[in-house]
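See structure below.
FYI, it's all coordinate maths here, none of it is from the lab. Small disclaimer: the values here were computed from a predicted structure and weren't measured. When we count neighbours, we look across all protein chains shown, and the Cβ atoms used for this are built from the backbone with ideal geometry, even at glycine.
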Amino acid sequence: MAFVPPQFYQSIVNIESNDQSVAGRFVTQVASVTNQLRQEKKWGISVREDEINAWLGHDLPRNHPELLQTNLWGRLSRPRIKLEPQLVRIGIEVSTWGVTAIAWADVEVKLKSSNQFTLTVRRAGVGQLPLPRNAILEECSKTLKTAGLHTEMQRFRDRTLLLATVPERLAHSDSLNPKDPESRHWQVDSLRIDRGSVTVAGRSHTTKKSYEFSDILP
């Protein structure tokens with residue numbers, strides 16, 4: 001049973017995964033919203049499931065192979081997602097000792113407040129065998145911490161939530177243009193996950209950079 005992949009992964013793993021033009025649309029939209037963060041008060045981005053999967057299948061292994069490094073589970077490859085209302089279904093190949101299986105998780109993602117998200121694992125497994133949901137949340141927490149987010153596990157009624165917060169140091173566009181004397185603070189105000197697409201929108205505002213006394217000495 002461990003080697004029988006979930007149906008959702010089988011349905012998407014080969015769809016346009018090698019279509020560079022589809023992956024390019026995803027990259028273009030990310031570049032566009034990055035420019036909005038620098039210049040505009042309101043920003044937003046909406047991407048389709050096929051664009052994300054094309055990027056995961058084409059650009060990720062070629063341009064960012066470090067994100068698919070071998071971990072305790074084994075060698076990772078061919079990550080894919082399927083989007084449902086408020087739900088991200090994630091599948092990825094895991095190879096160890098010459099054997100390959102599909103690890104997967106159904107993760108409910110919601111925006112709790114500006115720049116703060118909650119993640120709940122509804123189900124998870126390897127093939128048709130279930131995995132403990134809290135173990136998946138712990139792996140999510142490690143990944144998000146590596147990306148610079150603050151994470152905290154919380155118990156709510158009969159389930160465990162992962163609270164992920166974008167810290168202040170990441171909510172500025174300084175890294176986009178460090179020479180700009182004005183920094184823009186950005187925040188996520190809305191997140192909508194629909195069948196086949198995800199939309200994120202927010203605001204940004206200008207703040208003057210502060211300098212240490214030593215920074216202004218001739």
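Descriptive notes on the structure:
- For the pair residue 21 and residue 135, a Förster radius of 45 Å applied to the C-beta separation gives a FRET efficiency near 0.75, rounded to the nearest 0.05.
- Rg/Rh for the stretch 7-209, where both radii come from Cα atoms and Rh is the Kirkwood radius: 0.97
- Pairs with C-alpha atoms separated by more than 24 Å, drawn from the list 82/112; 41/142; 110/145; 82/110; 42/110, are 41/142.
- You can think of it this way: the chain between residue 75 and residue 95 has 6.7 nm of extra reach, that is 0.36 nm per residue less the Cα-Cα gap.
- Gain on full extension, evaluated as 0.36 nm per residue between residue 116 and residue 66 minus their Cα-Cα distance, stands at 15.3 nm.
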